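Engineer: After the structure tokens below, expect a handful of questions from me.
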């Protein structure tokens, strides 16, 4: 059974959802694996993954604004504040969303639903360089 | 190494947790794979997965009611409101719970803990047709 | 393709994050699998997994305190209270974090980011015996 690894380096500009579905699909096609699973992994603790509606951008904007209200910056209880006011909220938001997702792969394609897109969620305000790993396993 | 795929179509009646453990176990047995992993994947962004206590229904009722209080409908900040007041909360609840879960498989059985059940969590109020994918990978 | 299973029994003393990265790495090395994925699975519904910053303990302390404020004990809405005031919050915290994580494995090592550690998160106050499963799949 073949194993195929790829690394995606993504330069984020600021906080927000960054769609990576097309990059993943292209790499899955390149892998030659037609049936199995694809694991997506985010190598960070202040950025995360989420599989979210990819049709209407207002759903993503509302999701992001809601999470910002749930985990506000400058919470007086925070002690981990040396790396800036958006750092501790970023760790909490990562814990509440996803670090890995495993998606079935059939007929050479990710079996996402019609409205599902895979997103890297940058939780920091400043630009960052992020690494997403894809491992394709199957036959 | 064999790869076995199955699709479960589930008709939900309303918001709530819908146990799918038995269906998954039966399909795992049918797959003939005795050692490996089983990936469960929910193809939606307004329904999700969770592995929760399957003994006392009051734990699931409290969990659902708590999440409804955390993410109330008709939040005046929401702009994505065209699909009804329960739509945007459904996307948020999906982001906070799970789209994929991977469960070890040994001796032909899912290695869930004694009190663990796998649940499809319908977040919409109206009946929906949901698709859950199972991919079994191993030997 | 080899499949390697291991069970880790962890005795927790009280609520909090318990790092298991080193144990996982040692078992991955023992498995002989050099390329593939490692699935970590928590067999409980009142303890969970999270991949969090492993450098500064203040980030983990703030994360834990924040989740305790989000899901306080003795919420008057709870009906599932027979197993103690910390039981229902434990189920909710499990639903909000992770039961399974799948980490890419390359050159015989977990491909975690520089600051990532894998943690068992005990949500109960009393000591518990917890089982974490590791399944390594690859070549």
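The numbers here are math on the coordinates, done by the rules we state, and not lab data. All of these numbers come straight from a predicted model, not from anything done at the bench. Every residue, glycine among them, receives a Cβ derived from its backbone with ideal geometry; neighbour counts consider all protein chains shown.
Engineer: Place the label 7 angstrom along Cα→C-beta at residue B:131 and in each other copy, then list the distances from the first to the rest in nm, shortest first.
Structural biologist: Listed shortest first, these distances are 3.5, 3.5 nm.
Engineer: Pairing the Cα long axis of helix B:21-31 with the longest principal axis of chain B, what angle in degrees results, from 0 to 90 and rounded to the nearest 10?
Structural biologist: The two axes meet at around 30 degrees.
Engineer: Can you give the angle from 0 to 90° between the axis of helix B:57-70 and the longest principal axis of chain B, with both taken from C-alpha atoms, to the nearest 10?
Structural biologist: 40 degrees
Engineer: Something else: Just grab the label-to-label distance for residue A:125 and residue C:8, each label 7 Å out from Cα along the Cβ direction, in nm (one decimal).
Structural biologist: Computed distance between label sites residue A:125 and residue C:8 equals 3.6 nm.
Engineer: At a 10 Å Cβ-Cβ cut-off, how would you order B:79, B:39, fewest neighbours first?
Structural biologist: Placing the least packed residue first, the sequence is B:79, B:39.
Engineer: Let me ask something else about it. Find the relative contact order for region A:3-138 and round it to a whole percent, using C-alpha pairs within less than 8 Å whose residues are 6+ positions apart.
Structural biologist: RCO, region A:3-138: 56 percent.
Engineer: Could you give the C-alpha radius of gyration of the protein assembly as shown expressed as a fraction of 2.2 N^0.38 Å, taking N as the number of residues it contains?
Structural biologist: Here the Cα radius of gyration is 0.90 times the empirical estimate.
Engineer: Counting each DSSP H run of 4 or more residues in chain B as -39500 (n - 2.57), what helix-only mean residue ellipticity at 222 nm follows after dividing by all residues, to the nearest 500 deg cm²/dmol?
Structural biologist: -8000 deg cm²/dmol
Engineer: Tell me the angle of helix A:87-96 to the major Cα principal axis of chain A, expressed in degrees between 0 and 90 and rounded to the nearest ten.
Structural biologist: On a 0 to 90 degree scale, this one is about 40.
Engineer: Please find, in a Gaussian network model of chain B (springs between Cα atoms separated by less than 10 Å), the residue of B:48, B:35, B:58 whose mean-square fluctuation is greatest.
Structural biologist: B:58
Engineer: Is region A:35-120 best put as rounded, prolate or oblate by its Cα gyration tensor, with a ≥ b ≥ c the root eigenvalues, rounded for a/c under 1.5, and otherwise prolate when a/b is larger than b/c, oblate when not?
Structural biologist: The shape class here is oblate.
Engineer: Per residue of A:25-38, count partner chain C-beta atoms within 10 Å of its C-beta, then hand back the mean as an integer.
Structural biologist: Partner Cβ neighbours, averaged per residue: 2.
Engineer: Looking at the protein assembly as shown only, what percent of DSSP beta bridges run antiparallel? Nearest 5 please.
Structural biologist: Bridges in the protein assembly as shown that DSSP calls antiparallel: roughly 100 percent.
Engineer: Measuring from centroid to centroid over Cα atoms, what is the spacing of region A:1-76 and region B:7-77 in Å?
Structural biologist: 22 Å
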